[in-house]
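In what follows, a structure is listed as structure tokens, so that the remarks can point back to it.
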Amino acid sequence: MTPEQIADNRTDLLTFTKTMFKARKGFDLIDNWHQEAICNALERVVIGQCNRLIINIPPRAGKTEIAVINFIAWCMGNWPDSEFIHPSYSGRLATNNTFNVRSVMQHEDFAKIFGAPVFRHDSNAKNEFRTEQGGIVYATGSDGTITGYGAGKMRESFGGAIIIDDPHKAGEANSDTRRQNVLDWFSTTIESRKNRPDTPIIIIMQRLHENDLSGFLLGGGNGEEWENLVIDAEQDGESFWERQFPWDELKRMEKADSYRYAGQYRQTPAPIGGGIFKNHWWNYYDALPKLKYRFIVADTAQKIKTQNDYSVLQCWGESEKGQAVMIDQLRGKWEAPELLQQARAFWNKHKQDSSSALRSFDIEDKSSGTGLIQTLKREGIPVIGIQRATDKVSRAFDVAPSIESGNVLLPRHASFLSDYMLEFEQFPNGSHDDQVDPTMDAIKKILISYQSIIFEAL
């Protein structure tokens, strides 16, 4: 390595990233403009021009390789006494990133650039390492506490940072509770770990919800101004990185799940609350298609007062083309004895249809549903108890792509259709969701898998 190459690697993060990427993996980093944009933003942090940075970027675009692994290693080479805290939604992932930082620093090419680092012999923990110069890199999960660790040096020049990589788990960001847990963790834990008020905080993440950590902070949630680098997967009608993300593939993903695509790939998460389900997504039938099998799914209400939900009985089937087909629905506010009568009659009604097998009666195993399960089972009806393992909004996002792709069919002229559509249009902010819940159960059973809902055969 020539003196010029050494100097370039010391002063230019992108050059260093390319050098170490090839040294560790044996092949060149595939160039794209966004890599330079990320490196330029991070270098602005180092020289003190920015101390609050959010990078929003599509998944699998190399953000962790650049902004975590190589950036921290590069900083530790230039300022070996730096103090970093590196959280992620998963402590295991954060620990693995920290291991990779150390691996970069132990590489012979790193030694050619910065000299061999001197690690403390007592820093053998998987989630941290220390240098003899007083530097530290500490990894943790976003659900954990950080006791005894701080980030940044007590000086005006750069001395480390807090680098948060994917604070939300993709499948949990639509849960109000779990999303709020991350926001609370940031406010109560992360902000207290700065050794100076201006210790840099860097967040690298895909957008998952309008009120995720990025949305919270960019909206003034912690009272600070944040610089925001947005890497949109679409640039003037083209892919931002055609080699890795072909345009046709981006459009396929958008068609399959437009809401997740808008957030994760375009960094513009759609608001929810009249936004999850679109009326034009639904497909309809005039004549019932041929079915492989049918089943009944029920959602029962605890109380029957005006403000409480209805109990709902739905009959669904899987078509020979693999579609989820809604056949019939009965909805009402019934006390337990009448609920039993209605459920029994609804089962018998559809049992009379011999065109396809009526396999089961699926009921949420909760409140009034538990008693109904026990009674119908004693009567010889094949009952399946449903345990809903996730919140309503998360389940809605799970099934929305199936509806959007046209794989759910509704009876065009059903008398209940108007109220049914209105409830979906208003979900999750409508006054009722009793028709939504069993529909989601049915779609998951037919189109996704039994594993998505915990079923217990009784």
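The values are calculated or read from the model by the stated rules, or taken from the named source; none is laboratory data. This one's a predicted model, so the numbers in the text were calculated from it and none came from an experiment. Positions of Cβ are backbone-derived with ideal geometry, glycine not excepted, and every protein chain shown enters the neighbour counts.
Output yes when any residue across the stretch 161-183 is more than 24 Å from the chain's Cα centre (by Cα) and either assigned by TED's automatic domain parsing to the domain that holds residue 222 or among the hydrophobic types (A, V, I, L, M, F, W, C) (or both), and no when none is. Yes, some residue in the stretch 161-183 is more than 24 Å from the chain's Cα centre (by Cα) and either assigned by TED's automatic domain parsing to the domain that holds residue 222 or among the hydrophobic types (A, V, I, L, M, F, W, C) (or both). Would you be able to say whether some residue in the stretch 378-386 is farther than 16 Å from residue 438 by Cα, exposed (fewer than 13 other Cβ atoms within 10 Å of the Cβ) and not basic (Lys, Arg)? Yes, the stretch 378-386 contains at least one residue that is farther than 16 Å from residue 438 by Cα, exposed (fewer than 13 other Cβ atoms within 10 Å of the Cβ) and not basic (Lys, Arg). Scanning the stretch 13-35 turns up at least one residue that is assigned by TED's automatic domain parsing to the domain that holds residue 159, within 17 Å of residue 160 (Cα to Cα) and surrounded by 14 or more Cβ atoms within 10 Å (Cβ to Cβ).
Across the stretch 47-63, what is the total count of residues that are surrounded by fewer than 19 Cβ atoms within 10 Å (Cβ to Cβ) and in contact (Cβ under 8 Å) with a residue 12 or more places away in the chain? Residues meeting the conditions: 6. The condition (being under 33 Å from the mean Cα position of the chain (by Cα) and among the small types (Gly, Ala, Ser)) is satisfied by just one residue among 415, 368: 368. Residues that are closer than 30 Å to residue 169 by Cβ, hydrophobic (A, V, I, L, M, F, W, C) and assigned by TED's automatic domain parsing to the domain that holds residue 190 number at least 2 in the following strands (runs of 3 or more DSSP E) confined to the stretch 82-143: 83-88, 136-141. If only one of 173, 151, 139, 94 is crowded, with 19+ Cβ neighbours inside 10 Å, without any contact (Cβ under 8 Å) to a residue 40 or more places away in the chain, in contact with an Asp or Glu (Cβ under 8 Å, 6 or more places away or on another chain) and closer than 28 Å to residue 59 by Cβ, which one is it? Answer to the check: 173.
How many of the residues in the stretch 204-237 are closer than 15 Å to residue 262 by Cα and without any contact (Cβ under 8 Å) to a residue 60 or more places away in the chain? The qualifying residues number 7.
Just a yes or no: is a residue in the stretch 47-55 farther than 27 Å from residue 220 by Cβ and aliphatic (A, V, I, L, M)? Within the stretch 47-55, none of the residues are farther than 27 Å from residue 220 by Cβ and aliphatic (A, V, I, L, M). The single condition among (1) out of contact with any His (no Cβ under 9 Å at 6 or more places or on another chain); (2) within 17 Å of residue 73 (Cα to Cα); (3) crowded, with 20+ Cβ neighbours inside 10 Å; (4) in contact (Cβ under 8 Å) with a residue 60 or more places away in the chain that residue 10 does not meet is (3). Residues in the stretch 320-338 that are in contact (Cβ under 8 Å) with a residue 60 or more places away in the chain, farther than 12 Å from residue 411 by Cα and out of contact with any Leu (no Cβ under 6 Å at 6 or more places or on another chain): 322, 331. The residues of the stretch 413-437 that are within 16 Å of residue 326 (Cβ to Cβ), in a helix (DSSP H, G or I) and either touching a Phe, Trp or Tyr at 6+ places or on another chain (Cβ under 8 Å) or modelled with pLDDT of 95 or more (or both), listed by number, are 421, 424, 436. Just one of the listed residues (392, 349) is closer than 26 Å to residue 292 by Cβ, of a type in the set (Lys, Arg) and either in contact (Cβ under 8 Å) with a residue 12 or more places away in the chain or out of contact with any Asp or Glu (no Cβ under 6 Å at 6 or more places or on another chain) (or both), namely 349. Kindly indicate whether any position in the stretch 336-355 is surrounded by fewer than 16 Cβ atoms within 10 Å (Cβ to Cβ), assigned by TED's automatic domain parsing to the domain that holds residue 291, farther than 18 Å from residue 403 by Cβ and in contact with a Ser or Thr (Cβ under 9 Å, 6 or more places away or on another chain). Taking every residue of the stretch 336-355 in turn, at least one turns out to be surrounded by fewer than 16 Cβ atoms within 10 Å (Cβ to Cβ), assigned by TED's automatic domain parsing to the domain that holds residue 291, farther than 18 Å from residue 403 by Cβ and in contact with a Ser or Thr (Cβ under 9 Å, 6 or more places away or on another chain). Is it the case that residue 388 is modelled with pLDDT under 90, in the same structural domain as residue 441 (by TED's automatic domain parsing) and under 25 Å from residue 282 (Cα atoms)? It is true that residue 388 is modelled with pLDDT under 90, in the same structural domain as residue 441 (by TED's automatic domain parsing) and under 25 Å from residue 282 (Cα atoms).
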